[in-house]
Amino acid sequence: MNAIIISGVWGVAMMLGGVLFRRSHTTVFIAIAGMILLLAGNLMEFFSTPLFSFDGFEMLKVSSFGLHFNTIAFFGTLLIFLLNGKDIETLGNHSAEYFSLIFFSLCGVSVATSYNTLLTLFLGIELMVVPLYFLVGSDNRNLKGIEASLKMFLTGAFFSAIILMGIALIYGGNSLGSMYITFISLGKVDVNPMIMTGMVLLLAGMAFKVSAAPFHFWAPDVYDGTPTVVSSFLSAVVQVGAFIAFYKLFSTTFGQIKPQWQTLLVTVAVLSMVIGNVTAIFQQSIKRMLAYAVIAQSGFLLLGLISFSDVGREGVVLFIGSYALGMIGMFAVISRLPDYTIDGFSGLGKLNPGVALFTTIFLLSLTGIPLTAGFLGKLYLLLGLAAGQGWGWLIILASISMAVSAVYYFRIIRAMYFREPVHPVEGVPEMRVSFRWLLGIIAAILILLGLVPDILTSWIYY
Amino acid sequence: MLGNYVTFPELLLWIPFVMGLIVLLLKSAKAVKVVSLISVWLTLGVAVVSLVYALPAKEADYWNYNNVSYYWLRYIGSSFTLGLDGISHVFTLLTSLVFALVFMVTSGSSYEKPNAFYAMLLFWQSAITGVFVAFDVLVFYFFWIIVLVLTFFLMGRWGDSWKTGFAFKFFIYQFTGALLFLAAVLILYPYTVPVQADSAHSFTISAFFISPFLAGVQVRAFLLMAIPFFVMIPIFPFHTWFPGSSARSPYPVAMILGSVMVIMGLYGMIRLAIPLFSIAFEKFQDVIFILCVVSIVYSGFIALIQDDLKRLVAWASVTHVGIATLGVCSGNAVALAAGMFETINHGIIIAGLWMVMFIIEALTGKRSISSLGGIAKKSPGLAVFFFFVLFAVVGLPLTGSFYAKWHILEGLAGVSTVALVGLILGYLLTLLLMINIARKVFFGTVSEAVAMAGSMSVMQVIALVLVILAILILGIYPDAVTGLFKASVDNIIKRTGG
């Protein structure tokens, strides 16, 4: 409960306090302080000292699994604040409000990782996404951003309605008249057409929220159109929250009727991997390319939900950790580049060897090259599948999709090291020392996790 | 001391790596070269010393000094296991020898950012050695991929032309193959037996060997696993990355690529694909024969019409490695042992051939046959050396290749007519090609470029002499090498039931 309260309160406080320190640079520091507090509060609860707790009919139930992902999401946000705090401040005219919106979104993430009823699931998802509608369109001088915002809002609202309808059907369809996710599972409820329909609708809605194909159409435009820092937050944090909600829902509520949804989920995963990876190859804009990469990655992540094993769960943790860090690093670098096409990266190896090296490590991790966390994440997910037997074709397909993803990730590496700079040196914005150090730290974490994955995965058994 | 603290496979792995890190920090090009030469010599020394512990007299110490295992990813049954058995001994020795030769021969040339280049090369050596000493399938995969990534950087960054996508093509090709290997391993994984208490299955190679794989699983896994190895070797139709990559890579990279790196594919066949999947292997043996024969004949003809010496050597090496592959995949004890011996020969001979071509280009500045001629008059030393390599390539007596080629023929005689015909065609085409080079490049009128040529450096002469010595030792006393992997060959044959 710590995270929910702290993030909510801090969000409100920053919004109200925004009047006091408008147009001053203190906002970033206050936000960073809040983030550290949030992270600390979450860790305290993880080690069993909740500061706040309320019964609330057990509509929220904090689990170490959920808290673990909170930690990843909060740490990711902290990194975004540290790397791109200035960018958030200058999104538009209301610096403090942007931070408070992010805090509200994080509050939604904490609800989405600890919900215990379908109602709180919906609340969590909405709380997580609604602030993003504003953040995506925050740069009101940029028409593309406004278009992205509108697109995200319209489709998002539509799919929220679908989720709600699914929830209603499940509520009406079960004889217990219950919304608790654990109640409906446990085989107490007969599976009737109403529940099945509700489940399919929920699956579609959640697939939309994690931008899995065929519900991915919003993602490329949104990632491309918004300010880079918002893309970073969307890809790293919101994805994590939405996926954990998805994972929890299908492993508890619908865990008993796995055969019924497995085929659907496999279809979604395969489509995401194929469409995401293949389309990403043809993109000119790197942000758009990364959006398709996000689609592909979320397809890969769904494999963890299909396999349903301990190794698979470890894989989910590692994958999410490595993916969030890699995406944050990539978007941070992109936000400092002169343009968003591949030319922006050209010759980076000469202009800025350190940053190029770190970017390479992010890309290697996202591709799934050994000695980085990304590889172990993917390996564990595949291992989870392998243990189930009979998933040979899916393993092969996932492996080939990894190979396809190497095409676009390595294109960036090629541009950085094998090409001459396209832009004049003066055109390249300077990267501060602290910025470079932070990128280095992210890269170091990725390699460390690639060597000793247990430091992240062992906590899920806590 | 040794054995209790550090073992030979570890030394072979970490010396190049640590020296590479040191090289990375050095500023002057001269210091970089000196340190990297020290590193390759040191590694070669360790590889030679490690052989002492392979002698029967030292058998008691063998296990102690040559195997090591660390906990790593223990909950999924993987551990960082390294070892040197007969096969690994030979391959690591070859790797360190070829690296030493290549570093010596190319010590005169200069490269952009020498510290990064030589550090990468040393890391590369470390990773290739890692592939040869890994006794855990996952660790094998790790090193394999690291080799690919390093090759990508070496080719792309220091290659002839930055604009072309050959390094990129190389990487995508190989990475796809490697992922199929991973898929094969994962398909096998649930059938493996545990060797540690912490996990239900295991990734160690020894666990793979004692696990029963059903015929259906074998076929699937073999098909997936053979592809990356055939891509690496390279065998038709997976060879298309090779000539371009070789021709456009800087010389040190091309030399090692052609002589040591491609051998990783054969090593994979010997270590994993053939002994693990005996049923599937038997099923696909004819297909493999046909692919090898097509590969040998096709590349043999294409090599004949090449004008660019780099491309020519690349195609010639495809032919030569195809012959070795035929032996390795024969399923026959004699031919298998000979095939493995030919693999070692391949490493040394092709490295020698590359060295000749490198020296020719370094001296004359040209590498097309049409602008060369009469080198024998200008530089008799190089010509003598070239003829030694020529004898080895075509397989004249007193060279190791003769022993190998003869026994491959002998072993295949009863097995497959197609393979036999292909083999003989391959020998003839190689002979034709080598005589062609001798005629056009070394004899004939002295061309303008050759007339201007300088002379070889001392380093280069020493390296060339070493190659000649290696060829002669292998030719006169092949048992020195074949004895090392005899036990391993017997094991493989026992498994395949040949």
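It is to be established whether one or more residues within segment B:134-141 are within 17 Å of the chain's Cα centre (by Cα), part of a helix (DSSP H, G or I) and either of a type in the set (D, E) or farther than 19 Å from B:L180 by Cβ (or both).
Scanning segment B:134-141 turns up no residue that is within 17 Å of the chain's Cα centre (by Cα), part of a helix (DSSP H, G or I) and either of a type in the set (D, E) or farther than 19 Å from B:L180 by Cβ (or both).
Inside segment B:198-231, can you point out the residues that are touching a strand residue (DSSP E or B) at 6+ places or on another chain (Cβ under 7 Å) and free of Cβ contacts under 8 Å to residues at least 24 places away in the same chain?
Passing the criteria: none in range.
Yes/no matrix, rows are residues, columns are (1) in contact (Cβ under 8 Å) with a residue 24 or more places away in the chain; (2) under 23 Å from the mean Cα position of the chain (by Cα):
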position: B:K440; (1), (2): yes, no
position: B:T445; (1), (2): yes, no
position: B:A451; (1), (2): yes, no
position: B:S457; (1), (2): yes, no
position: B:L472; (1), (2): yes, yes
position: B:T482; (1), (2): yes, yes
position: B:A487; (1), (2): yes, yes
position: B:D490; (1), (2): yes, yes
position: B:K494; (1), (2): no, no
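Hey, any hits in segment B:150-164 for a residue that's of a type in the set (A, V, I, L, M), in contact with a Lys or Arg (Cβ under 9 Å, 6 or more places away or on another chain), surrounded by fewer than 22 Cβ atoms within 10 Å (Cβ to Cβ) and within 14 Å of another protein chain (Cβ to nearest Cβ)?
Within segment B:150-164, none of the residues are of a type in the set (A, V, I, L, M), in contact with a Lys or Arg (Cβ under 9 Å, 6 or more places away or on another chain), surrounded by fewer than 22 Cβ atoms within 10 Å (Cβ to Cβ) and within 14 Å of another protein chain (Cβ to nearest Cβ).
Just to be sure before I move on: is A:L449 more than 20 Å from A:F81 (Cβ to Cβ), at pLDDT below 85, under 22 Å from the mean Cα position of the chain (by Cα) and in a helix (DSSP H, G or I) in the structure I sent?
Criteria not met by A:L449.
I'm told B:W144 meets every condition in (1) assigned to a loop (DSSP other than H, G, I, E, B); (2) under 17 Å from A:S365 (Cα atoms) except one. Can you identify the failing condition by its number?
If we test B:W144 against (1) assigned to a loop (DSSP other than H, G, I, E, B); (2) under 17 Å from A:S365 (Cα atoms), just (1) comes out false.
Could you give every pair whose Cβ atoms fall below 6 Å, whose first residue belongs to segment B:232-248 and is outside the structural domain of B:V297 (by TED's automatic domain parsing), and whose second residue is surrounded by fewer than 24 Cβ atoms within 10 Å (Cβ to Cβ) and not in a helix (DSSP H, G or I), counting only separations of at least 6 or pairs across chains?
Cβ pairs passing all conditions: B:R248/B:G159; B:R248/B:D160.
For segment A:401-425, enumerate the residues that are among the small types (G, A, S) and over 12 Å from A:I281 (Cβ atoms).
If the condition is that a residue be among the small types (G, A, S) and over 12 Å from A:I281 (Cβ atoms), then A:A415 is the only one that fits.
So which residues in segment B:378-406 are crowded, with 24+ Cβ neighbours inside 10 Å and of a type in the set (V, I, T)?
B:V389, B:V393, B:T399
What residue, of B:I187, B:I205, B:I210, is more than 9 Å from chain A (Cβ to nearest Cβ) and closer than 24 Å to A:L381 by Cα?
Sole residue among the options that is more than 9 Å from chain A (Cβ to nearest Cβ) and closer than 24 Å to A:L381 by Cα: B:I205.
Please state which one of B:S249, B:S245, B:S206, B:S202 is surrounded by fewer than 20 Cβ atoms within 10 Å (Cβ to Cβ) and more than 15 Å from the chain's Cα centre (by Cα).
B:S206 is the lone residue from the list that is surrounded by fewer than 20 Cβ atoms within 10 Å (Cβ to Cβ) and more than 15 Å from the chain's Cα centre (by Cα).
Can you name the residue in segment B:360-377 that is assigned to a helix (DSSP H, G or I) and buried (at least 21 other Cβ atoms within 10 Å of the Cβ) and, of all such residues, is modelled with the lowest pLDDT?
Out of the qualifying residues, it is B:I375.
For A:L366, all conditions in the list (1) in a helix (DSSP H, G or I); (2) away from chain B (no Cβ under 11 Å); (3) surrounded by fewer than 23 Cβ atoms within 10 Å (Cβ to Cβ); (4) among the hydrophobic types (A, V, I, L, M, F, W, C) hold save one; what is the number of the exception?
Against the list (1) in a helix (DSSP H, G or I); (2) away from chain B (no Cβ under 11 Å); (3) surrounded by fewer than 23 Cβ atoms within 10 Å (Cβ to Cβ); (4) among the hydrophobic types (A, V, I, L, M, F, W, C), A:L366 comes up short only on (3).
Testing B:F281 on (1) out of contact with any Cys (no Cβ under 6 Å at 6 or more places or on another chain); (2) crowded, with 23+ Cβ neighbours inside 10 Å; (3) in the same structural domain as B:G411 (by TED's automatic domain parsing), one condition comes back false. Which one is that?
(3)
Name the helices (runs of 4 or more DSSP H) wholly inside segment B:412-498 in which the number of residues that are of a type in the set (V, I, T) and surrounded by 16 or more Cβ atoms within 10 Å (Cβ to Cβ) is 2 or more.
In segment B:412-498, the matching helices (runs of 4 or more DSSP H) lie at B:417-437, B:458-476, B:479-496.
Across segment A:378-423, which residue is farthest from the other protein chains (Cβ to nearest Cβ) among those that are assigned to a loop (DSSP other than H, G, I, E, B) and touching a residue at least 60 places away in the same chain (Cβ under 8 Å)?
The residue in question is A:H423.
Quick check on this structure: which one of A:F75, A:F65, A:F54 is in a helix (DSSP H, G or I), farther than 19 Å from A:L101 by Cα and not acidic (D, E)?
The unique qualifying residue is A:F65.
Within segment B:227-242, track down each residue that is surrounded by fewer than 24 Cβ atoms within 10 Å (Cβ to Cβ) and under 21 Å from B:R157 (Cβ atoms).
B:W241
Quick test for you: out of A:L290, A:L348, A:L357, A:L337, pick the one residue that is under 21 Å from the mean Cα position of the chain (by Cα), in contact (Cβ under 8 Å) with a residue 24 or more places away in the chain and more than 30 Å from B:S202 (Cβ to Cβ).
The match here is A:L290.
If you check B:F301 against the conditions, is it crowded, with 22+ Cβ neighbours inside 10 Å and assigned to a helix (DSSP H, G or I)?
no
Restricting segment A:1-47 to residues that are polar (S, T, N, Q) and touching a Ser or Thr at 6+ places or on another chain (Cβ under 9 Å), which is nearest to A:E97 (Cα to Cα)?
Out of the qualifying residues, it is A:T27.
The values are calculated or read from the model by the stated rules, or taken from the named source; none is laboratory data. Bear in mind the structure is a predicted one, so any value in this text is a computation, not a measurement. Heads up, the Cβs are rebuilt from the backbone with ideal geometry, glycines too, and the neighbour counts pull from every protein chain shown.
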